[in-house]
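Asker: What follows is a structure written as structure tokens; I'll ask about it next.
The values are calculated or read from the model by the stated rules, or taken from the named source; none is laboratory data. Quantities reported herein were computed from a predicted structural model and do not represent experimental measurements. Cβ coordinates were reconstructed from backbone atoms using ideal geometry, including for glycine residues, and neighbour counts include every protein chain displayed.
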Amino acid sequence: MNTAYRVWDGQRMHCWDDEGLRLFIDGGKWMLYSARSGEMIFEIINSKNKNAALMWGTDQREQPEVNIHNDSVKLGERIYAGDIVLQEDYDPDLYRNSTIIGEVKMLDGAWCIVNVKSEECRPLFSETAINSVIGDVYRNPELLEEAK
């Protein structure tokens, strides 16, 4: 089973499906390295680096794209911890404000969208909402500053 992850190295985001990358985890420490046939070529970043961040993929994706002309469906992008998500809920009775912008975090075993400014937290999964990734906390921190 492949577990989706991303690693921020302070300048660039590396994804689990980038060719030639391997993630080694030992206890609470981890290392991302370049590999060929399982053999380490060079280390890219590790958990000791203060600018590094390891983010796990959630089981949720953005809204899929549907092409009605050829009956094809393209899966939306996977949502990761640290993503900044805009969630629009279409159930008017569920929340007083149907829209939330916040950071994706794991809280008490569930993926949530957290907006610290408005002191609001909602589940990432919703049968009545659409999630759109608008950035992440590493490359677009200003999006959280602007969020109501």
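Asker: Which residue is farthest from Leu143 (Cα to Cα), if the candidates are limited to region 108-117 and must be in contact (Cβ under 8 Å) with a residue 24 or more places away in the chain and part of a strand (DSSP E or B)?
Answerer: Trp111
Asker: Which condition number in (1) touching a Leu at 6+ places or on another chain (Cβ under 8 Å); (2) surrounded by 13 or more Cβ atoms within 10 Å (Cβ to Cβ); (3) of a type in the set (A, V, I, L, M) is the one that Val116 fails?
Answerer: Condition not satisfied by Val116: (2).
Asker: Being closer than 22 Å to Asp136 by Cβ, in a loop (DSSP other than H, G, I, E, B) and out of contact with any Ser or Thr (no Cβ under 8 Å at 6 or more places or on another chain) is the filter here, so list the residues in region 70-102 that pass it.
Answerer: Answer for region 70-102, where residues must be closer than 22 Å to Asp136 by Cβ, in a loop (DSSP other than H, G, I, E, B) and out of contact with any Ser or Thr (no Cβ under 8 Å at 6 or more places or on another chain): Leu75, Gly76, Glu77, Gly82.
Asker: Whether any residue in region 86-97 is within 14 Å of the chain's Cα centre (by Cα) and on the phi < 0 side of the Ramachandran plot is what I want to check. Working first, answer last.
Answerer: Step one: filter region 86-97 for residues within 14 Å of the chain's Cα centre (by Cα), giving 86-87.
In the following step, the residues that additionally are on the phi < 0 side of the Ramachandran plot were identified as 86-87.
Yes: region 86-97 contains one or more residues that are within 14 Å of the chain's Cα centre (by Cα) and on the phi < 0 side of the Ramachandran plot.
Asker: Within the set of pairs 6 or more residues apart or between chains, which connect a residue that is at pLDDT 90 or above inside region 14-31 to a residue that is among the basic types (Lys, Arg) with Cβ atoms less than 6 Å apart?
Answerer: These pairs meet every condition: Cys15/Arg6.
Asker: Okay, moving on. For region 42-87, which positions are β-branched (Val, Ile, Thr) and at pLDDT below 85?
Answerer: Step one: list which residues in region 42-87 are β-branched (Val, Ile, Thr), which gives 44-45, 58, 66, 68, 73, 79, 84-85.
Result: Val66, Ile68, Val73.
Asker: Kindly indicate which of Lys48, Lys105 is over 20 Å from the mean Cα position of the chain (by Cα) and either among the basic types (Lys, Arg) or in a strand (DSSP E or B) (or both).
Answerer: Values: Lys105 fails: over 20 Å from the mean Cα position of the chain (by Cα).
Testing whether each residue is over 20 Å from the mean Cα position of the chain (by Cα) and either among the basic types (Lys, Arg) or in a strand (DSSP E or B) (or both) leaves just Lys48.
Asker: Pairs please, first residue from region 118-135 and part of a loop (DSSP other than H, G, I, E, B), second anywhere and among the aliphatic types (A, V, I, L, M) and buried (at least 17 other Cβ atoms within 10 Å of the Cβ), Cβ atoms under 7 Å, 6+ apart in sequence or on different chains.
Answerer: Sorted first by the residue in region 118-135, then by its partner, the pairs are Leu124/Ile79; Leu124/Val104; Leu124/Ile113.
Asker: Within region 64-82, does at least one residue satisfy the condition of being surrounded by 13 or more Cβ atoms within 10 Å (Cβ to Cβ), free of Cβ contacts under 8 Å to residues at least 24 places away in the same chain and more than 20 Å from the chain's Cα centre (by Cα)?
Answerer: no
Asker: Shifting gears a bit: Hey, Asp59 hits all of (1) farther than 17 Å from Tyr138 by Cα; (2) over 17 Å from the mean Cα position of the chain (by Cα) but one; which does it fall short on?
Answerer: (2)
Asker: I'd like to verify a number: residues in region 1-22 that are in a strand (DSSP E or B) and crowded, with 16+ Cβ neighbours inside 10 Å, how many?
Answerer: Counting residues in region 1-22 that are in a strand (DSSP E or B) and crowded, with 16+ Cβ neighbours inside 10 Å gives 8.
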